[in-house]
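For reference, the structure discussed in these notes is given below.
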Amino acid sequence: KTFFETIDDMIFIGSQSGEIFFTNSAVTRKLGYTVEELIGMHILDVHPQEKRKEAEKIFAKMFAGDIDHCPLPLARKDGTFLPVETRVWFGKWDEKECVFGISKDLSKEKESLETFNKIFNNNPALMAISNIEDQKFTEVNQALLNKLGYQKEEIIGKTALELGLFIEPQKQKMVKEELFKTGKIKSLEMKIKTKSGKIMDGLFSGEIIESQGNKYFLTVMIDMTEQKRAEEELKVQNGLINSLLDSIPDIIFFKDKAGVYLGCNPSFAEFTGKDKAEIVGKTDYDLFDKETADSFRKYDVKMLATLT
C-alpha cells in the first residue's frame, strides 16, 4: 500500500468485468473523486462519455496484445480532461482474477508540447522537422509555407531532394555529414529554391531531437535574401566609389570620428609610403611621426567642431 501511495501514476484495480474495487490516492487527487465514489464505478466511467465506446475497443485490442497502451484522456469529476497514457493487464488480487490499470499523467508533457507548437508555428523563421532515417518532412511551420509557396500537404512526407529545395548539392552533402558527426549545424549559408523557382539565400541552423524513441532533425532558416541583395548593391557602390577615388590625382582619405582611417585613394597611399590595406584601421599616430600626427589630429578636431 505504501508503494502504491507514493507512485504519482494513477493505479486502478478492477474485476474482469471492469468494476473498480481499488485505486491509489493519485486517482482521487488528480480526478477529484472520493474513494467511495470510485469503488463500484466501471473503468470506462473515468473516460469522457463520448470516448467510452472507443476506449472499450482499445482495451479489447490491448487485452488481445495488438496494441500496448490507450492514448485517450481521463475525465475529472468537474468534466475537464486529463491527458494520460493508460496500460492494462490481467492478474490476481487476493487470489481473485482482476484487471490492473496504470495511467501516466501527461499534463506536463502536453504543456511542453503546446509551448513548443506555439513557438514552432508562430516563429517568423522558417522551421521544419524531418525524420532522420528517410529525411522526409513530418512538420513545417507557416512561415516556411508562406516563403516557399507550398501547401502543407505538398511538403509533408516528401524529402528536400524530391522537392528540389536545395540547388547546391555539395553544400547539402556537407550539412548532412556535419549533422551526423556533431548532431547539429549552426549558421550555414545555403541557397534554397521556392515552388515558383525563385532563389532565396538562407542561414541554416539545426539539431537532432528525440521524441518517443524516434530521432528527428529540427531545421531553422533565416531568410537572408534581402540582406544579401543589399550587400551586393553596397559592394557595387563601393566599387564605383573606389574607381572614382582611384582616378583622382589629388590626395583623398576618410576617417571616423576617432581618427581611424576607413579608406583612401592611391595618391594618399603613395604619400604615406604604405599600401591601402595597411592604412585602413590605423590612425595618424601609426602612420606618421608624433609632431605630424598631432597637427593632423588638431585639424580633425577643428573640422568635427565645425561640422557639429
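The values are calculated or read from the model by the stated rules, or taken from the named source; none is laboratory data. In this text the structure is predicted, and so the values were computed from the model without any measurement. Here Cβ is always computed from backbone atoms with ideal geometry, including for glycine, and neighbour counts include all displayed protein chains. Remember, those area values only see protein heavy atoms, side chains included, never the ligands or the DNA or RNA. Shrake-Rupley method; radii C 1.70, N 1.55, O 1.52, S 1.80 Å.
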### Query
Restricting attention to region 18-36, does a residue exist that is assigned to a strand (DSSP E or B), surrounded by fewer than 16 Cβ atoms within 10 Å (Cβ to Cβ) and of a type outside the set (Phe, Trp, Tyr)?
yes
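For region 37-57, enumerate the residues that are of a type in the set (A, V, I, L, M), without any contact (Cβ under 8 Å) to a residue 40 or more places away in the chain and open to solvent by 20 Å² or more (accessible area, probe 1.4 Å).
Restricting attention to region 37-57, the residues satisfying the condition of being of a type in the set (A, V, I, L, M) are 38-39, 41, 43-44, 46, 55.
Going one step further and asking which of them are without any contact (Cβ under 8 Å) to a residue 40 or more places away in the chain, we end up with 38-39, 41, 44, 46, 55.
The answer is ILE39, MET41, LEU44.
Looking at region 188-201 only, could you name the residues that are loosely packed, with under 15 Cβ neighbours inside 10 Å and either of a type in the set (D, E, K, R) or in contact with a strand residue (DSSP E or B) (Cβ under 6 Å, 6 or more places away or on another chain) (or both)?
Correct list: GLU189, LYS198, ILE199.
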Note on LYS110: of the conditions (1) among the basic types (Lys, Arg); (2) assigned to a helix (DSSP H, G or I); (3) in contact with a helix residue (DSSP H, G or I) (Cβ under 9 Å, 6 or more places away or on another chain); (4) surrounded by 13 or more Cβ atoms within 10 Å (Cβ to Cβ), unmet is (3)
Going through region 259-280 in order, the residues found to be of a type in the set (A, V, I, L, M, F, W, C) and in contact (Cβ under 8 Å) with a residue 24 or more places away in the chain are ILE279
The condition of being among the hydroxyl-bearing types (Ser, Thr, Tyr), in contact (Cβ under 8 Å) with a residue 24 or more places away in the chain and touching a Gly at 6+ places or on another chain (Cβ under 7 Å) holds, among THR225, THR283, only for THR283
Note on region 3-17: residues open to solvent by 60 Å² or more (accessible area, probe 1.4 Å), free of Cβ contacts under 8 Å to residues at least 60 places away in the same chain and more than 18 Å from LYS92 (Cα to Cα) are GLU5, THR6
